[in-house]
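Data block below; observations after.
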Amino acid sequence: MNDITVLIPVSPIPSHPSTEVLEETIQSIRDRLPDSEIIVMFDGVPAWNEQYREAYESFTHRMLWKCEHEYGNVTPLVFDKHSHQSLMVKEGLKLVRTPLILFSEQDTPLTGEIPFEGMGKVITTGYANLIRLHHEASVHPEHEYLMLDHEPIHILDIPFLRTRQWSQRPHLASTKFYRYIADKFWDDEPRFIEHIMYGIVVDGDYDEFRLHVYAPEGTLVRSLHTDGRRRGADHYDPTAS
């Protein structure tokens, strides 16, 4: 499917200089989207993560070599200062020439069967702006109040739950929609996108956002979490990514 461009933001984590976490995620995407361009966005090192600089720079050099010599259709985008998800994605969107994007953090590999072609049609025909690939088997009870549906609805024969919950877990989205929210809601401060959008969506008009969760029969799990903040850390560091 050539209608999707993948955006992966990368930042320092304790397991660097190992490339294992990111490579696992890239491979999970390439297995399902063999022809899609993958844009890997390498963030600059923030002041509070200075202790990771040397390992992160070594990791980045290794990944740049892989992008050049091992991977096909993987484009690196390197930032010289800390830009975080919001500013990196703003720049990454300038390179996108497809109607759809897949966003995935570096430690959230995909799993299971995912009907990307059908989901893409749900978005391009206007039923949804964004479809999230869930990371738990079912909706957490504390999140039920954010769901418009408590049983899946079918759109173009694909099951979904409509939601008012923004999550930065892997999701397929309209490129036009992402550009719209970036222009309207994101300022020039480097931030997690979820921290910007969560309250806006909860309090906003559902039709402005039209968020869906892919809800297949059985387990909802279609993305994993290899937890880049913990892997390789002597002590858990919540600032690591």
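Taking Kirkwood radius over Cα pairs in Å straight from the coordinates, which label in (1) 18.3; (2) 19.3; (3) 18.8 is the correct one?
Working out Kirkwood radius over Cα pairs in Å from the coordinates points to (1).
Treating the angle as unsigned and between 0 and 90°, give the value, to the nearest 10°, between the Cα long axis of helix 175-185 and the longest Cα principal axis of the chain.
80 degrees
Can you give the FRET efficiency to the nearest 0.05 for E151 and V78, using r as the Cβ-Cβ distance and R₀ = 51 Å? Walk me through the numbers on the way to the answer.
On the way: r = 45 Å, r/R0 = 0.89.
The computed FRET efficiency comes out at 0.65.
Given a 1.4 angstrom probe, what's the average accessible area per residue across region 10-54, in square angstrom? Each step should come with its number before you reach the end.
Values: 1730 Å² over 45 residues.
Here the residues of region 10-54 average 38 Å² of exposed surface.
How far is helix 20-32 tilted, in degrees, relative to the longest principal axis of the Cα atoms in the chain, given as a value from 0 to 90 rounded to the nearest 10?
40 degrees
Among T124, L33, P141, flag the residue with its Cα farthest along the positive direction of the charge dipole of region 1-159, charges on Cβ as +1 for Lys/Arg and -1 for Asp/Glu.
Result: T124, furthest along the dipole toward the positive end.
Can you tell me the orientation of helix 84-93 relative to the chain, as the angle in degrees between its alpha-carbon axis and the longest Cα principal axis, to the nearest 10?
70 degrees
Loop by DSSP (not H, G, I, E, B), at most 11 other beta-carbon atoms within 10 Å: where is the longest site-free stretch of the chain for trypsin sites (Lys or Arg not before Pro)?
Here the longest run is 98-241.
What whole number of Å gives the distance from the Cα centroid of region 1-71 to the Cα centroid of region 78-116?
One Cα centre to the other: 11 Å.
Carbon-plus-sulfur fraction of the accessible area of the chain, 1.4 Å probe, in percent?
Values: 5350 of 11200 Å².
So the carbon and sulfur contribution to the accessible surface is 48 percent.
Which is the longest stretch in the chain that no exposed loop site breaks, taking sites as GluC sites (Glu not before Pro) with a DSSP loop state and at most 13 other Cβ atoms within 10 Å? Walk me through the numbers before you get to the answer.
On the way: sites that count: E70, E113, E136, E217.
Excluding the exposed sites themselves, the longest stretch runs over 137-216.
The values are calculated or read from the model by the stated rules, or taken from the named source; none is laboratory data. Here the structure is a predicted model, which means the values were calculated and not measured. All Cβ positions, even for glycine, are placed from backbone atoms using ideal geometry, and neighbour counts span all protein chains on display. Heads up: the accessible areas ignore ligands, DNA and RNA and are worked out on the full protein's heavy atoms, side chains in. Shrake-Rupley method; radii C 1.70, N 1.55, O 1.52, S 1.80 Å.
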